[in-house]
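What follows is a set of notes on a single structure, which appears directly below.
The values are calculated or read from the model by the stated rules, or taken from the named source; none is laboratory data. Computed from a predicted structure; not experimentally measured. Note: ideal-geometry Cβ built from the backbone for every residue, glycine included; neighbour counts use all protein chains shown. We work out accessible area using only protein heavy atoms, side chains counted, and drop any ligands, DNA or RNA first. Shrake-Rupley method; radii C 1.70, N 1.55, O 1.52, S 1.80 Å.
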Amino acid sequence: MKKIIAGVIVAVLWFAVVITYTVIATSPKDEDGHEFTILTVKEETVKDYNTMPVFKALAKTTGKDVYWTYNTSTQYSNNTDPVGISGIDAIYHSGFSNLQLYNYGRSGRIVSIDKYLKYMPNFSKILENRPEIAEALKSPDGNIYSLPRVEEMGLKAYPNLLFINKEWVKKLIPNDLPEGLELTEEDLVDGLTLTRNQFKEILKKFNSKDMDGDGKSDNEIPLSFVSTNWQGNISDLVSSFGVPENTQHKTIVNGKIEFTVEYEQWFNAVKELNDWYNTSLIRSTAFTQTQDEFLAKGQDGRYGAFYWWEKETVVSKDLQNDYIMLQPLVDDATGKQYVGASNELEIEKGACVIISTCKDIPGLLSYFDKFFEPIYSAQLNYGSIDSGAFEKYVEGEMLVHNSDHGAQSADDFRMKNAPYGVVYLDKNIWGKEVQMEPRAQLRLDRLEKYLEHNEFTNVQPIPNLNYSKEELDILFRYENSLGKNINSWFTTRVTSKSTPTVSDWQSFLKTNATSISEIKRVNQDAYDRYLKASEK
């Protein structure tokens, strides 16, 4: 995992850090008496970063006095120029797009981090050992304007696992199962295979009966998901029709950038799901609810079936055995199983940017450099050792997760105690320096056993691509509006009282033809360059 760096380089880096620390120790403080003030985007339920043990430990280790101030995601998204907020030295969770990073960097409003690498031995070593990460972080001018988040587990490509309430299915055995479907209670285990129509007919039963035994037959939710969320969305239900869907509706097929909305199978999915909606198998809330609302409603076991990464987050501990994982639904027309590939990346830009008005840029970057060490990355990602995220740490040994958080779910604990953001947890760290979170390992096991062999053999997710300034301008002009148009058309047609028509779909494609064509062209050119660079 680690390359041996020449002694001369080590000595130079060490000397640079020592000199940096000496300079920073006397750096000027802001008007509130702090060396650095960092704006971060967090919700009210997340603990104050200033009180988090991991940040206290970082302050003690680095000798840096950092104060964290906040915006909620709504406040932050409503600010048209967050870099211009007075009195801040950095933005954590900036979420800046490629074009924003380039424009802010080119204008000199955020720092070109690659010019300060001598103050960042950890980050420098990552860029040296992983040139593909360095390449992914570059803007069109070749500069790096943000610190990344790197978490390599091999999970993000397939974020939609399908679970069904086996206890509800048991109530249909033996005399109330859909016609032609034969199941015994012994069949109701992880890996159960159903065709899409069989699944649909079971959902109809869930919708018409008092499955939860509360005396009402109208409060069961047959199927739930979070429509445009990066995980637990409807993409794999659409994929079951034979189209490699994801939330961006964009993927690589046989080496070519494609939009799934142009596939006839995609329209067929929209038309069929319109029937699911009008027979109340899918409720309107699935298209409007937030992730938190979805998780809250699932705790009491009211879902007949749902898409998510794991059932353990969605339902309470005492109900988790009520649910089993289904294999991807079998397409009744072809007899095949399909899952699309997400474009969610394990190397993410925009985790943090440094404002150019910061009075001690080297000092702040040397502080952030500690974030890339496994002991800190793990705590930033899951919660601190002192908060109970991990078992007591023994220096030199692997950091081991503590999975007992009492009545709290692992997600609840992590959302409150982990600041996320800038981390480096690469594929070589797991099982050596940091134990993989048990539920993440469970996801991997489920993917390997029940899902990955059903992926499209000629499809792959879109990797980190670099664009020219002209290409970024084109994407800015078309990409955001096209994404909104697709999601709006999809949701409107699925939830319409009338059945979508081919002419309506073709009209939609014609209206958005220029956007689709230009985005495909730009991404294809960037992907072709990526392939050539990879060959070298």
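When the residues of the range 322-352 are narrowed to those that are closer than 30 Å to residue 70 by Cα and part of a loop (DSSP other than H, G, I, E, B), which ends up most open to solvent (accessible area, probe 1.4 Å)? Break it down stepwise before answering.
Within the range 322-352, the first condition is being closer than 30 Å to residue 70 by Cα, and the residues that meet it are 343-352.
With part of a loop (DSSP other than H, G, I, E, B) added as a condition, the list becomes 343-346.
Details: 343: 19, 344: 69, 345: 53, 346: 49 Å².
Out of the qualifying residues, it is 344.
Please work out which residue is farthest from residue 334 (Cα to Cα), limiting yourself to the range 238-293 and to residues that are part of a helix (DSSP H, G or I) and aromatic (Phe, Trp, Tyr).
287
Do we have residue 241 as under 22 Å from residue 207 (Cα atoms), open to solvent by 20 Å² or more (accessible area, probe 1.4 Å), at pLDDT 95 or above and aromatic (Phe, Trp, Tyr) here? Full working, then the answer.
Values: under 22 Å from residue 207 (Cα atoms): no; open to solvent by 20 Å² or more (accessible area, probe 1.4 Å): yes; at pLDDT 95 or above: yes; aromatic (Phe, Trp, Tyr): yes.
Criteria not met by residue 241.
Filter the range 95-115 down to the residues that are open to solvent by 60 Å² or more (accessible area, probe 1.4 Å) and either touching a Leu at 6+ places or on another chain (Cβ under 9 Å) or not in a loop (DSSP other than H, G, I, E, B) (or both) and list them by number.
100, 106, 115, listed by residue number.
Of the residues that sit in the range 353-409 and are over 27 Å from residue 138 (Cβ atoms) and of a type in the set (Val, Ile, Thr), which one is most open to solvent (accessible area, probe 1.4 Å)?
Checked the range 353-409; the qualifying residue most open to solvent (accessible area, probe 1.4 Å) is 394.
Of the conditions (1) more than 20 Å from residue 491 (Cβ to Cβ); (2) open to solvent by 10 Å² or more (accessible area, probe 1.4 Å); (3) at pLDDT 95 or above, residue 252 fails just one. Which one is it?
Of (1) more than 20 Å from residue 491 (Cβ to Cβ); (2) open to solvent by 10 Å² or more (accessible area, probe 1.4 Å); (3) at pLDDT 95 or above, only one is false for residue 252: (2).
Taking residue 65 as the residue in question, decide whether it is charged (D, E, K, R), open to solvent by less than 50 Å² (accessible area, probe 1.4 Å) and more than 13 Å from residue 350 (Cα to Cα).
yes
Looking only at the range 420-430, decide whether some residue is open to solvent by 70 Å² or more (accessible area, probe 1.4 Å) and either modelled with pLDDT of 95 or more or hydroxyl-bearing (Ser, Thr, Tyr) (or both). Can you show your working first?
Let us first name the residues in the range 420-430 that are open to solvent by 70 Å² or more (accessible area, probe 1.4 Å), namely 427.
Keeping just the survivors that are either modelled with pLDDT of 95 or more or hydroxyl-bearing (Ser, Thr, Tyr) (or both) gives none.
No - not one qualifying residue is present in the range 420-430.
How about the range 489-535: which of its residues are exposed (fewer than 14 other Cβ atoms within 10 Å of the Cβ) and at pLDDT below 95?
Across the range 489-535, the qualifying residues are 531, 532, 533, 534, 535.
What do you reckon, is residue 152 touching a Lys or Arg at 6+ places or on another chain (Cβ under 7 Å) and either within 29 Å of residue 227 (Cα to Cα) or at pLDDT 95 or above (or both)?
Here the answer is yes, as residue 152 does meet what is asked.
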